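The values are calculated or read from the model by the stated rules, or taken from the named source; none is laboratory data. These numbers come from a predicted model, not from an experiment. So basically every Cβ, Gly included, is an ideal-geometry build from the backbone, and we count neighbours across all protein chains shown. The protein model used for the area step is the full one, side chains on, heavy atoms only, and it has no ligands, DNA or RNA in it. Shrake-Rupley method; radii C 1.70, N 1.55, O 1.52, S 1.80 Å.
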Amino acid sequence: MVEGRIVKISGPLVIAEGMKEANMFDVVHVGENKLIGEIIEMHGDRASIQVYEETAGLGRGERVVSTGMPLSVELGPGIVTNIYDGIQRPLEKMMEICGSNIQKGIDLPALDRDKKWKFTASVKAGTQVSGGDIVGFVDETEVIRHKIMIPPNMNGTVKELFSGEYTVTDRIGVLETENGEVPLTLMQKWPVRRSRPYREKLPPSEPMVTGQRTIDTLFPIAKGGTACVPGPFGSGKTVVQHQLAKWSNVDLVVYIGCGERGNEMTDVLGEFPEIIDPRSGETLMKRTVLIANTSDMPVAAREASIYTGITIAEYFRDMGYSVAVIADSTSRWAEALREMSGRLEEMPGDEGYPAYLTSRLAQFYERAGDVVCMGSDGRHGSLSAIGAVSPQGGDISEPVSQATLRIVKVFWGLDASLAYRRHFPAVNWLTSYSLYKDRLEEWFKENIDSEWSDVSAEISRILQAESELDEIVKLVGVDALSAEDRLTLETAQSVREDYLQQNAFADTDAYTPLKQQFALARLILSFRDKASEAIKAGADVQKISEIGVRERIGRAKAAPADRFEEEYADIEKQLDAELAALISERSDD
């Protein structure tokens, strides 16, 4: 045990001497209250410690004791549905003990030591196993089967393994290794700053379906991919992230509230237990883990919350699940890095952020991926990382946004003007992009429709054309445009209002399956194509824009997922009939 004494306190930074035998990133207990901290710098026998709790009341000369262990998370049954703080302390349990005011230095185990789980062994004694092999399972929730794995750094022969009801610390079996016998439990620990190993990282090939038409059609993200959601205050970053957490076709969501307002985490806690997952029929909380580090919590714990969340996600990825990590927001983490860097008196980079900002962000996002997991069964798992960025005033030229854009492959740029017009998701279709689009093209062709890419490209082309025509309209007015250009504006309006805009509070519009997305997009393009033919036959573009079927097209997105095909076919018939009537009327004239 290494013990030192405090010589300096500067906010969340504590400097202690007498720590020569300690190691970088060791967890330490600071002061009489045993505040939890982590060594982030060593100079001789002086250790610089970032403390994850409020340091008010600490004094020079108080003890600092190193645990000799790096900051680690407990991984085992009981994680799912739970809500933790940045250093994986269970907040509900803390509230039971402390009430609304959390005591300093309270150190609770992340996993309940008393609860018993029904473990079912899947291998027999005498089986040769290696790191990552599954030896049994626990049905943690109705949705998540928690697979008990051999720790990645172990291999040997299973000497004994028993099914039954156990706590996370009970011995369920024995593994015979080269270094002797090792007891097996339902729980394992892993240091948060070290990524969990895998056999192979694969190029992403399957989309993470979100049910958000703007994202899936124009700017898709792959399972195992990375994305950022930058936008100014009030542009709907949290709206987008909540929608992704609710509706994405992943097995598990790890939602990290990093330095955000407490009411946003409260919204998640209030909504998720009530929303029914369309795939499982259970509530969303049955496949969700929450990490809460709100803006009024200690700044230093923001970094820990990011690492805690990504490590938990890697653990479930190793079971063969597809996992999404949603971090809101990485800007708050960067601000914490800036504050700690300033207190350490490091040379600042752009706008005071540390010079290593980009590498720290990269360390987070590079832990995403579609991988062949450890273990002999060759199972696949994916981890998708989505981070919100909160640039001041929406200026994405600032360092955090630019560093993030150099790393991630998908950029969903949010636009405050769209949000103020109540257009959600407020993703700007002219500035956003996805570098996965070409890679996912084959999947969409095989699983949805061979024309998916063509329809998506045509939607983008129409929106781009509208932007160019808007400049002309501002100069000379809409009447100066040709009939075809006016039709382009009408079609673009339908794309924006009837397709891209979604209502998160309407059951039939909050989530749209891919096949329905494709059918709706093709219905709008069908209106454009047939209206163009009608114009060539002499129909008036103004009358075309006023036909009654336009209102039905506008309401088509609300068609139930199990009846949309009949509804859209009927709209097509009405469209043909009304356009034919206009052409006939023109001929009679």
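Taking segment 257-295 as the search range and keeping residues that are under 15 Å from the mean Cα position of the chain (by Cα) and β-branched (Val, Ile, Thr), which one is surrounded by the most Cβ atoms within 10 Å (Cβ to Cβ)? Checking each candidate, the answer is Ile291. Restricted to strands (runs of 3 or more DSSP E) entirely inside segment 166-275, those with at least 1 residues that are closer than 21 Å to His146 by Cα are 173-177, 180-184, 188-191, 252-260. With respect to the conditions (1) at pLDDT 95 or above; (2) open to solvent by less than 70 Å² (accessible area, probe 1.4 Å), Met94 lacks only one, and its number is (1). Out of curiosity, is Glu551 in contact (Cβ under 8 Å) with a residue 40 or more places away in the chain and either in a helix (DSSP H, G or I) or under 30 Å from Pro220 (Cα atoms) (or both)? Against the criterion (in contact (Cβ under 8 Å) with a residue 40 or more places away in the chain and either in a helix (DSSP H, G or I) or under 30 Å from Pro220 (Cα atoms) (or both)), Glu551 does not qualify. Being closer than 21 Å to Ile40 by Cα and either surrounded by fewer than 23 Cβ atoms within 10 Å (Cβ to Cβ) or among the polar types (S, T, N, Q) (or both) is not true of Glu303. Residues in segment 309-348 that are of a type in the set (A, V, I, L, M) and within 30 Å of Glu206 (Cβ to Cβ): Ile310, Ile312, Ala313, Met319, Val323, Ala324, Val325, Ile326, Ala327. When restricted to residues that are among the basic types (Lys, Arg) and under 14 Å from Leu500 (Cα atoms), segment 398-427 contains 2. Residues in segment 10-28 that are at pLDDT 95 or above and either open to solvent by 50 Å² or more (accessible area, probe 1.4 Å) or within 13 Å of Gly57 (Cα to Cα) (or both): Val14, Glu17. Restricting to segment 418-464, and then to whatever is part of a helix (DSSP H, G or I) and basic (Lys, Arg), can you tell me which residue is surrounded by the fewest Cβ atoms within 10 Å (Cβ to Cβ)? Out of the qualifying residues, it is Arg461. Taken over segment 1-47, the criterion of being basic (Lys, Arg), within 27 Å of Ile102 (Cα to Cα) and not in a loop (DSSP other than H, G, I, E, B) is satisfied by Arg5, Lys8. Within segment 53-62, identify whether any single residue is open to solvent by 60 Å² or more (accessible area, probe 1.4 Å), touching a Gly at 6+ places or on another chain (Cβ under 9 Å) and of a type outside the set (Asp, Glu), and answer yes or no. Within segment 53-62, one or more residues are open to solvent by 60 Å² or more (accessible area, probe 1.4 Å), touching a Gly at 6+ places or on another chain (Cβ under 9 Å) and of a type outside the set (Asp, Glu).
Filtering Lys557, Lys543 for residues that are part of a helix (DSSP H, G or I), open to solvent by 40 Å² or more (accessible area, probe 1.4 Å) and touching a residue at least 24 places away in the same chain (Cβ under 8 Å) leaves a single hit, Lys543.
Cβ-Cβ contacts under 8 Å between residues 6 or more apart (or on different chains), taken from a first residue in segment 492-514 that is within 16 Å of Ile553 (Cβ to Cβ) to a second residue that is open to solvent by 40 Å² or more (accessible area, probe 1.4 Å) and among the small types (Gly, Ala, Ser), are listed as Thr508/Ala558; Thr508/Ala561; Asp509/Ala558; Thr512/Ala561.
Listed conditions (1) surrounded by fewer than 17 Cβ atoms within 10 Å (Cβ to Cβ); (2) outside any strand (DSSP E or B) are all met by Val80, apart from (1).
From the set of residues in segment 219-228 that are closer than 21 Å to Phe424 by Cβ and in contact with a Ser or Thr (Cβ under 6 Å, 6 or more places away or on another chain), which is surrounded by the most Cβ atoms within 10 Å (Cβ to Cβ)? Among those residues, the one meeting the criterion is Cys228. Evaluation of Pro204 against the conditions (1) modelled with pLDDT under 90; (2) open to solvent by 10 Å² or more (accessible area, probe 1.4 Å) shows that the sole unmet condition is (1).
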